[in-house]
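What follows is a set of notes on a single structure, which appears directly below.
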Amino acid sequence: MDVQLKYGSGKITISIPPRAEVTLLEPARVPPLAELEASLAQALDRPRGCPSLDELLRSRRPRTIAVVVPDETRPAPLREILPPLVRRLERGLGPRAEGGLTVFVGGGLHPPADAQALARILPAEVLDRFPVIAHDARRAPFRDYGKTRRGTPVRIHEAFAAAELKIVIGQVDPHQFVGFTGGAKGVVIGLGSPETIEKNHSLMAEPHAWVGLLEENPVRQDLDEAGRRIGIDFAVNFVLDADRRAVALEAGLPEEVLRRLAGVCARVYGVGLREKFDIVVASCGGYPKDICLYQAQKGLNLASQALKPGGHILLLAASPQGVGDDIYFDYVSQFTSPEEVIRDFQAGGFRMGAHKAYLFGRTLVNYDVAVCSELDPGILRTCHLRAADPTRVLAEWVEALPGTPRVAIIPNANTTYFYPA
């Protein structure tokens, strides 16, 4: 049986031996929004938990507005929604529009977007007309908002903090330990300081820091508290399907928008399982989900939830931008096995970048993992990963298993998550 799966900007064909029983585990098919711009206009006019955007502009009369959007590791229909949103903001600013609107690209600890990346992220009519700041977490000035109840220092980009109206745009997507992305995350993490990001992410080891959990999730609760401290005025969030089409869009207060869309996201990407599988073939979902190995780890983690103990995972992750994080690579290079990584990380405490090696390690010690990517096999070995030809390794695994091996195909592993049916 041949299967085509997304791989980088294209697709890859893999062959499953005929002796295997194959099951496709994919997101639910839901109709996309018929008119995205019309849906945006309706959401801006009838937001969740606050007055309409026009009313906010009339009552607040802001002289400065800051809009933050995600970097290119997070797919977003910015070419469709950003221009009409900016036109609405310009009308609200009126004579104050000149120099009053700044667009931020929030990448957290990712390298700041360069000119080429900005051209890929932002529509020309926005990029060419307004000041754009690509967040650089290691060099930016920050404003301090104190600490959350869990001890996270809330420090975000000073220029965003100084704006009189603060708007965040982002996707609500399943996340391996935040529960769901979206809401305040685009500001708290996207424009946060290294200390903010590290402390918040260190909560991933606490109970209930799990994909698909919202209200009980400590990482998510911490993000939301930080967002309230900052005073984010307005969020525009959306849910995308596996083909990156918007299936839902909401605007309003970040937490209200997040709650509304998390339910939609769960219906699209949550998959119930009655029994786990012997082998999982997991495509991250193509670009930008597999833009680098660092991002592809999410797909490996979520795919492992569909696997029997000791089972096999084939991860398809083109990784055209390489490993994706020097801190992660330098850290994992010090050790000869994932067991060593886990022991050192647990002994030394949470460290950003190093945490990715720990997350990889948690999967590698429990399952047999092979990776198909554009990365050099030696680089993968340094990361304790095995490069493999997909068809060959699947034939080896099926041949070694008794009876009829059960194989799961996961076409969108970075976003599909599993729960007992």
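The values are calculated or read from the model by the stated rules, or taken from the named source; none is laboratory data. Here the structure is a predicted model, which means the values were calculated and not measured. Reconstructed Cβ throughout: ideal geometry from the backbone, glycine too, with neighbour counts over all protein chains shown. Accessible surface areas use protein heavy atoms only, side chains included; no ligands, DNA or RNA. Shrake-Rupley method; radii C 1.70, N 1.55, O 1.52, S 1.80 Å.
Give, in nm to one decimal, the length gained when the segment between Asp45 and Glu158 is fully stretched (0.36 nm per residue of separation minus the Cα-Cα distance).
Details: separation 113, 0.36 × 113 = 40.68 nm, distance 2.93 nm.
Working it through step by step, the gained length comes to 37.7 nm.
Taking every lysine pair in the chain that is 8 or more places apart or spans two chains, those with Cα atoms closer than 15 Å amount to 9. In the elastic network of the chain, a GNM with C-alpha springs shorter than 10 Å, the most mobile of Pro377, Pro111, Pro207 is Pro207. Between Val30 and Glu55, the modelled labels are 2.6 nm apart [label points 7 Å from Cα along Cα→Cβ]. Over the chain, accessible surface divided per residue gives 40 Å², non-protein components excluded, 1.4 Å probe. When only alpha carbons are used to place a centre, segment 156-224 and segment 72-142 end up 19 Å from one another.
Would you mind getting me the FRET efficiency between Arg139 and Asp344? Use the beta-carbon distance for r and R0 = 25 Å, nearest 0.05.
Working: r = 29 Å, r/R0 = 1.16.
Computed FRET efficiency for Arg139 and Asp344: 0.30.
Can you compute the charge dipole magnitude of segment 156-305 about its Cα centre, using +1 on each Lys and Arg Cβ and -1 on each Asp and Glu Cβ, nothing else charged? Give it in debye, rounded to the nearest 20.
340 debye
At q = 0.12, 0.16, 0.26 Å⁻¹ the log10 of I(q)/I(0) for segment 149-229 amounts to -0.31, -0.54, -1.32, computed by Debye summation with a single uniform scatterer per C-alpha, solvent ignored. Using the basic label-point model (7 angstrom from Cα toward the beta carbon), what is the Lys308 to Arg386 distance in nanometres? That separation, rounded to one decimal, is 1.8 nm.
Taken over segment 29-115, the alpha-carbon convex hull comes to 144 cubic angstrom per residue.
Alpha-carbon geometry of segment 299-357: the Rg and the Dmax are 13.2, 33 Å, given in that order.
Across segment 223-324, how large is the tail of the calculated P(r) beyond 20 Å, expressed as a percent of all Cα pairs?
The proportion of pairs with Cα distances above 20 Å equals 57 percent.
Quick one: plug the Kirkwood hydrodynamic radius of segment 314-406 (C-alpha pairs) into Stokes-Einstein at 4 °C, 1.567 mPa s, and report D in µm²/s.
Answer, rounded: 91 µm²/s.
Using only the C-alpha atoms, the convex hull of segment 65-191 corresponds to 114 Å³ per residue. Note on the chain: GNM, Cα springs under 10 Å; of Gly94, Gly263, Gly182, the largest mean-square fluctuation is that of Gly94. Within segment 184-251, all pairs of alpha-carbon atoms sorted by distance into 10 Å bins from zero give the percentages 19, 42, 35, 5. Given axes a ≥ b ≥ c from the Cα gyration tensor, I'd like to know whether segment 131-288 is rounded (a/c under 1.5), prolate (a/b larger than b/c) or oblate. Prolate, since a/c reaches 1.5 and a/b exceeds b/c.
Within the chain, the ratio Rg/Rh, alpha carbon atoms throughout and Rh by Kirkwood, equals 0.98. Across the accessible surface of the chain, with the other protein chains kept in place and a 1.4 Å probe, carbon and sulfur atoms take up 49 percent. Annotation for Glu37 and Glu21: the two label points, set 7 Å from Cα along the Cα-Cβ direction, are 5.1 nm apart. The GNM of the chain, with springs linking C-alpha atoms under 10 angstrom apart, assigns the highest mean-square fluctuation among Ile197, Ile156, Ile342 to Ile342.
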